[in-house]
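Read through the structure below, which is laid out as structure tokens, and then see the notes.
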Amino acid sequence: MKHSKVFLLSVSTSTLFFLSACQQTDDTIDTNSQSADSQQAKEEQEIVERQTDAPESEDVSSNIPDNTESKSNSTSHDVAADSNQTTRLKEEYMAKLEDEKEQTEELRANPSDSSTYAMKEIEGNLFDTWDRLLNEIYGVLETQLSTEVMASLRVEQREWIKYRDNTAKKSSLKYEGGTQEQLEYVAVENNLTMDRCFELVKKYM
């Protein structure tokens, strides 16, 4: 009997000790769980506070320069500059042609002598001058005009050359067989070439 009481007491003590340990373990687990929840809540609160305090993100689109107007102004400026350059070039050629026309009239009015030979020499020099100017103007137009317009001008120019030569030939026949025939031919060619230079500058340049 005595041994039975001792055994029961031992069992009771062990049971109490076990229950106490389990309770402590549960408390520890619960405490750790509460601590983890508290830590997570604290971290979430800090994130919210940082987001609240952070400056609003900039509108990137507002920082992208709008080049539309700048490009438009640049294009308009280029067109205006080209137009001004063309106008100046046209004025320069008109002035040049007027000067050459005056010199032509001066040379014809004041030959070194009245001989046919002297007049032929003048007209021969004038032909070189006006033919050079015609080719020079034609070359400038090739850089200015569109492909379509230039193609049309080439056809027109070939027709004009035929007209010039036929007109000069017809006029020279008035002096057929005489000393004036060749002089008349070149003089008419020069007059027509001079007129053509003015026409090309006024109409196309």
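Extension gain for Lys96 to Lys170 (0.36 nm times residue separation, less C-alpha to C-alpha distance): 23.6 nm.
Between Glu121 and Leu145, the simple label model (points 7 Å from Cα in the Cβ direction) yields a spacing of 3.8 nm. Whole-Hz Karplus values for region 162-168 come out as 4, 4, 4, 5, 5, 5, 5 Hz, taken residue by residue from phi with 6.51 cos²θ - 1.76 cosθ + 1.60 and θ = phi - 60°; glycine and proline positions read x.
The protection proxy used here, the mean number of other Cβ atoms lying within 10 Å of each residue, ranks peptides 190-202, 159-171 as follows, highest first: 190-202, 159-171. Gyration tensor over the Cα atoms of region 111-205: the corresponding equivalent ellipsoid has semi-axes (square roots of 5 times the eigenvalues, largest first) of 30, 15, 8 Å.
Read-outs: derived from the displayed coordinates by stated rules, not from any lab. Since the model is a prediction, treat every value here as computed from it, not as a measurement. Please note: Cβ atoms are built from the backbone with ideal geometry, for glycine as well, and neighbour counts cover all protein chains shown.
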